[in-house]
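Step one of this worksheet: look at the structure below.
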Amino acid sequence: MLTKKIEDALNHHLTEEFESAYLYLSVASYFSSIELPGFAHWMKIQYEEEMYHTMKFYDFLELRDGRVRLAGLKAPKVDWASPIEAFSQVFAHEQLISSKIHELVDLSLKEKDHATNNFLQWFVSEQVEEEATTKGILSRLKMIGDSTSSLLMLDQELSKRVFVPPEK
Ligand code: OFO
């Protein structure tokens, strides 16, 4: 059984994951609009991963006899000045989500909710991956600078990403 505080916090975070998905779908559309289909594809897979995260919160709430309460989603930005600017936002967003997961872990400890704490540990590790991957792409974009041919090569590479559910 979840305390009201934990149930509210998990619902709040479910919305954050949904908003991550929503943001990344918007970034995908931005990349399509500037003719970088590989980047757009990569961001659509990222959207799928965020929906997977969202559903983990949904399922956990139900499993613990909590109630899922869906909230309204913030409209994401639509345009960015450059691929670097878009990926800077993606990386910053992942850092923000990591800090929110850490706050949830703190709350689970305060409430002595060991089951929720255990559930959240998966996300603690996942966020390490999420930050490393997005920071890696951002660093490569910075190295590429103005080279269109290198940008197109990276676009090719990113087009190969496939969605593998993180726990498989
Ligand atoms: Fe759900 O990890 Fe990104 O936001």
Exercise. Considering only protein heavy atoms, what per residue accessible area in square angstrom results for the chain with a 1.4 angstrom probe?
Worked result: 54
Exercise. What whole number of Å gives the distance from the Cα centroid of segment 138-168 to the Cα centroid of segment 56-130?
Worked result: 24
Seminar exercise, completed: Candidates His12, His114, His93; GNM for the chain (alpha-carbon contacts under 10 Å) flags as most fluctuating His114
Exercise. For segment 75-127, which whole-number percentage of the solvent-accessible area (1.4 Å probe, protein heavy atoms only) is attributable to carbon and sulfur atoms?
Worked result: 58
Problem set entry | Diffusion constant of segment 4-158 at 4 °C, which comes from Stokes-Einstein with the Kirkwood Cα-pair radius and 1.567 mPa s, µm²/s | 78
For this session: Only helical DSSP H runs with n ≥ 4 go in: add -39500 (n - 2.57) per run for the chain, normalise by residue count and round the 222 nm mean residue ellipticity to 500 deg cm²/dmol.
Result: -27000 deg cm²/dmol
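Got the relative contact order for the chain handy, in percent, Cα pairs under 8 Å and 6 or more residues apart?
The normalised contact order for the chain reaches 31 percent.
When the Kirkwood radius is taken over all Cα pairs of segment 28-115, what Stokes-Einstein diffusion coefficient follows at 20 °C and 1.002 mPa s, in µm²/s?
D, rounded to a whole number, is 138 µm²/s.
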For this session: Among the listed pairs Lys4/Lys74; Lys56/Lys77; Lys77/Lys135; Lys5/Lys135; Lys5/Lys160, give every one whose C-alpha distance is greater than 31 Å.
Result: Lys5/Lys135; Lys5/Lys160
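The values are calculated or read from the model by the stated rules, or taken from the named source; none is laboratory data. Here the structure is a predicted model, which is why all the values come from computation and not from measurement. Note: areas computed on protein heavy atoms with side chains; ligands, DNA, RNA excluded. Shrake-Rupley method; radii C 1.70, N 1.55, O 1.52, S 1.80 Å.
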